[in-house]
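Have a look at the structure below, then the notes.
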Amino acid sequence: MYLIDNSPTDRLKELKTLYPSVEYVFNNGNIGYGKAHNISLRLSQGKSKYHLIVNPDISFSEDVVEHIFSFMEKNEKIGQLMPKVFYNDGTIQRLCKLLPTPTDLIGRRFLLFLDNIKRKNSLYELSHFGYDKILDTPNLSGCFMFIKTSIFKAVNGFDPQFFMYLEDVDLTRRINQISRTVFYPEVVVVHGFAKGSYASFKLLRYHVASAIKYFNKWGWFVDKERDELNKKVLRQIEGMDN
């Protein structure tokens, strides 16, 4: 296990004494979510076939990783997997989404009171998907990312320009270009999720900055790959209903 610490103090180094298998790296400051994870990617090269990225507020039963490992071993074309995710109260988190347009991100954050924005947001969040079948999608949440280490390395890990937010969308999209990225409903994890950017102006600024970088990279209103991938996801869901 790699513990990459972006805290201002190194008080977590005591975990190394308690758990010798933990490799602790202290960054002496917040270098960003993606950059920190890329350190663990470099450290783990040649040591593991898979790389699991989890948020600190994720919990799951002891058989979850074994189940996912077994499934990935039988499906070599899958490069990244996200399980079914529940809130603490047992309700499902709808974390499978289409690739975002600027209208999607602006609308759901500031204009959700408008009926047409509500309808568009419903489509973006795939509200008609039942979360009961495997779904190939290029947009998966970063709260739990089970990735083949070779695939993670092939795409050079996280893009370090994203300090926080949308780094998971960018990573999944790049992985999707060379392998399958799937939602897998047969195992469940719990995520104590809080929308930080809705409560903090500082985090909102990070979110906006990341959105600008994302659309500068992939395209704002013209993004043919996004359009084709989103159509593919919607056709997949429609096929499940037939």
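A few points about this structure:
- Failed item, numbered, when SER7 is tested on (1) farther than 20 Å from GLY157 by Cβ; (2) of a type in the set (Ser, Thr, Tyr); (3) loosely packed, with under 12 Cβ neighbours inside 10 Å: (3)
- Residues located in the range 42-75, provided they are modelled with pLDDT of 95 or more and charged (D, E, K, R): GLU66, GLU73, LYS74
- Within the range 84-126, being farther than 24 Å from TRP218 by Cβ, touching a His at 6+ places or on another chain (Cβ under 9 Å) and surrounded by 14 or more Cβ atoms within 10 Å (Cβ to Cβ) holds for VAL85, PHE86, GLN93.
- Taking the range 179-204 as the range and being modelled with pLDDT under 90 and either assigned to a helix (DSSP H, G or I) or among the charged types (D, E, K, R) (or both) as the test, the residues that pass are LYS195, GLY196, SER197, TYR198, ALA199, PHE201, LYS202, LEU203, LEU204.
- Evaluation of SER150 against (1) surrounded by fewer than 23 Cβ atoms within 10 Å (Cβ to Cβ); (2) touching a helix residue (DSSP H, G or I) at 6+ places or on another chain (Cβ under 9 Å); (3) assigned to a helix (DSSP H, G or I) (one fails), failing number: (2)
- The range 22-55: number of residues that are in a loop (DSSP other than H, G, I, E, B) and either hydrophobic (A, V, I, L, M, F, W, C) or under 27 Å from PHE71 (Cβ atoms) (or both): 9
- Within the range 47-74, being of a type in the set (Phe, Trp, Tyr) and closer than 18 Å to THR172 by Cα holds for one residue alone: TYR50.
- Looking only at the range 79-94, residues that are touching a residue at least 60 places away in the same chain (Cβ under 8 Å) and out of contact with any Gly (no Cβ under 7 Å at 6 or more places or on another chain) come to 10 in all.
- Subset of the range 15-41 that is charged (D, E, K, R) and modelled with pLDDT of 90 or more - its residue that is surrounded by the most Cβ atoms within 10 Å (Cβ to Cβ): LYS35
- The lone exception for HIS37 - which of (1) more than 23 Å from the chain's Cα centre (by Cα); (2) in contact (Cβ under 8 Å) with a residue 24 or more places away in the chain it fails: (1)
- Considering the range 157-178, the residues that are among the hydrophobic types (A, V, I, L, M, F, W, C) and under 26 Å from ALA209 (Cα atoms) include one that is modelled with the lowest pLDDT, namely MET164.
- Criterion: surrounded by fewer than 18 Cβ atoms within 10 Å (Cβ to Cβ) and within 22 Å of ARG109 (Cβ to Cβ) - qualifying residue of LEU140, LEU171, LEU204, LEU166: LEU204
The values are calculated or read from the model by the stated rules, or taken from the named source; none is laboratory data. Values in this document were obtained by computation on a predicted structure and should not be read as measured data. Using ideal geometry, Cβ is built from the backbone for each residue, glycine included, and neighbour counts are taken over all protein chains shown.
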